[in-house]
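Read-outs throughout are calculated quantities, based only on the coordinates presented, and are distinct from any laboratory measurement. Model, not experiment: these values are computed from the prediction. When we count neighbours, we look across all protein chains shown, and the Cβ atoms used for this are built from the backbone with ideal geometry, even at glycine.
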Amino acid sequence: MKKIVIVGGGAGGLQLATSLGRHFSFNRFNRRNKSPAAEVTLVDKNRTHIWKPLLHQVATGALDSSLDALNYQVHARSNGFQFELGSLRSLNREEKTIELAEVCGDDGQPLVPPRKLEYDYLVVALGSQSNDFGTPGVREHCQFLDSAEQAQKFHTRLLDQFLQLENRVADEVQIAIVGGGATGVELAAELVDAVHEMGHYGRIKNGDLKVTLIEAGAHLLPALPPRLGNSSEKELSNLGVRVLTGTQVAEASSTGFKTKDDEEILAAIRVWAAGVKAPDFLKELDGLTVNRQNQIEVEASLRSKSDPAIFALGDCAGCIDAADHKVPPRAQSAQQMAKTARDNLIALVENPHAELQAFTYKDRGSLVSLSKFDAVGSLMGGLVKGSFTIEGRLAGLAYRSLYRMHLAALHGWPKAMLLYLIGQANRFVKPRLKMH
């Protein structure tokens with residue numbers, strides 16, 4: 001029996017583990033196979049999964065991660081794969097093993113010692129982390145939104161600031177966000193909505209929270225057409241967000257940011273969302289070839305250029321696809337890669353010399369939510385030839401459907417729709433904002 005180990009339970013890794021587990025562990029009558037051709041193991045440092053594009057909602061309290069998170073162990077049992085809690089510590093390509101770091105409790109005491117896992121095929125799907133571009137003070141003084149843990153830390157700090165406003169210890173709270181891409185724009189809009197919702201439960205008023213959004217480029221949302229970036233800037237400005245475009249940050253401190261024009265931007269909470277790169281330790285992963293963004297260089301089949309037994313997908317994969325396009329670090333890229341990796345791994349289990357499929361990225365467009373106020377984006381293919389831009393309620397509906405499609409890929413449409421109905425019911429019985 002072949003052993004497939006997937007490291008990273010993000011959008012791509014979890015989808016791949018789910019589809020491979022179902023394929024090898026269940027027959028066409030949905031009964032468990034007694035002798036599966038492959039054993040699939042998913043490794044992640046967290047116990048639960050939350051869709052990364054929703055982390056800005058976790059940060060503001062618009063989404064309760066304790067309700068929406070998916071438990072890896074429970075999901076693994078239902079879908080025919082194994083789950084190991086742990087962080088990747090090292091790789092031994094010659095022995096075909098990975099080592100997981102020890103698991104410690106909240107008090108720092110070790111719970112599980114380091115372990116080794118054997119593999120026939122290894123898939124690295126570790127996603128990305130914020131890129132500070134070497135800007136002084138960012139790592140020490142800024143918040144990031146790379147994980148649910150970081151989003152929850154931001155939420156706790158936000159509630160602390162709300163407490164000071166509620167008791168008039170502070171007259172106003174200033175938050176500055178560096179990076180006018182999707183994360184920065186969505187977070188700024190959600191913060192405005194969070195203040196509005198807090199007004200239902202206390203004495204906080206609109207305008208008590210001052211949000212500044214800083215973008216080095218000429219317009220917000222540089223991945224989208226300029227018209228949509230300008231439209232987003234206008235909408236955010238109308239909501240009271242101070243938007244600074246064409247502004248480069250020189251350094252961060254405990255009190256705010258300093259721009260290259262020597263302007264001081266004061267902020268009690270400082271968020272860095274200006275770019276991404278693959279985790280730094282991938283550069284030292286037993287000689288795997290990586291690019292300048294620390295991404296593992298792969299062939300169009302998603303196989304590592306350094307080792308035919310290793311695949312990479314998602315944000316940590318440096319891939320030039322079959323159409324000679326560099327694949328961007330997006331959730332839709334990871335989900336599309338997971339499908340190709342699935343087919344190639346199934347083919348290799350059945351025939352080690354099988355000819356592998358080449359991955360071709362299909363840009364479905366991009367959508368950005370401005371909380372409940374609006375949404376903007378572009379869609380490509382399917383409805384029209386080429387691309388078209390959308391805004392307002394239609395864009396908002398399309399944006400919300402992306403998460404439903406993610407749930408459907410993991411659970412199937414019947415359960416995904418049931419989860420949607422449960423979420424709608426919770427809106428009537430729970431506060432609109434998570435208050436703890």
For the chain, the longest principal axis of the Cα atoms and the Cα long axis of helix 331-350 enclose an angle in degrees, to the nearest 10, of 10
Where q = 0.14, 0.28, 0.29 Å⁻¹, what log10 of I(q)/I(0) comes from the Debye formula for the stretch 141-198, counting one point per Cα?
-0.41, -1.37, -1.39
Total charge of the residues flanking Ser78 in space, meaning their Cβ is under 12 Å from its Cβ, with Lys and Arg +1 and Asp and Glu -1, is +4
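Any chance you could tell me what percent of the C-alpha pair distances in the stretch 313-375 go past 15 Å?
58
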At q = 0.22 Å⁻¹, what log₁₀ I(q)/I(0) does a Debye calculation on the Cα points of the stretch 81-137 give, no solvent, two decimals?
-0.94
Quick one, what does Rg over Rh come out to for the stretch 96-229 if you take C-alpha atoms and the Kirkwood Rh?
1.09
From the P(r) of the chain, could you give the percentage of C-alpha pairs in the tail past 42 Å?
15
Antiparallel versus total DSSP beta bridges in the chain: what percent is that, nearest 5?
50
Cα principal axis extents for the stretch 181-233, largest first, Å
40, 16, 15
For Lys326, the aspartates and glutamates lying under 14 Å Cα to Cα, once residues fewer than eight places off in the same chain are dropped, come out as Glu297, Glu299, Asp315, Asp363
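Within a Cβ distance under 9 Å of Gly180, other residues only, what is the Lys/Arg minus Asp/Glu net charge?
-2
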Please report the relative contact order for the stretch 180-219, taking Cα pairs under 8 Å with a sequence separation of at least 6, and give it as a percent rounded to a whole number.
49
Using all Cα-Cα distances in the stretch 276-351, what percent lands in each 5 angstrom bin from 0 up to the longest?
3, 17, 28, 26, 17, 8, 2, 0
Using only helices, what value at 222 nm comes out for the chain when you add -39,500 (n - 2.57) per DSSP H run of length 4 or more and divide by the total residues, to the nearest 500 deg cm²/dmol?
-10500 deg cm²/dmol
Which value results for Rg/Rh of the stretch 223-300 when Rg is the Cα radius of gyration and Rh the Kirkwood radius based on the inverse mean 1/r?
1.12
With springs only between Cα atoms under 10 Å, which of Glu355, Glu99, Glu299 fluctuates most in a Gaussian network model of the chain?
Glu355
Among the lysines, which fall within straight-line cross-link reach of Lys96, defined as a Cα-Cα distance under 27 Å, with same-chain neighbours fewer than 8 residues apart omitted?
Lys2, Lys3, Lys34, Lys45, Lys116, Lys277, Lys283, Lys305, Lys339
Overall Cα dimensions of the stretch 1-89, principal axis frame, Å, largest first:
47, 34, 17
Starting from the Cα of Lys116, step 7 Å along the direction of its Cβ; do the same at Phe428; then give the gap between the two resulting points in nm.
5.7
Using only the alpha carbon atoms of the stretch 31-172, find the Kirkwood hydrodynamic radius as the inverse mean reciprocal pair distance, in angstroms to one decimal.
18.4
Determine ³J(HN,Hα), in whole Hz, for all residues of the stretch 175-189 in sequence, where each value follows from phi through the Karplus function 6.51 cos²θ - 1.76 cosθ + 1.60 and θ = phi - 60°; x replaces Gly and Pro.
10, 10, 10, 9, x, x, x, 4, 4, x, 5, 5, 5, 4, 5
Helix 392-411 vs. the chain, principal-axis angle (Cα, 0 to 90°, nearest 10)
30
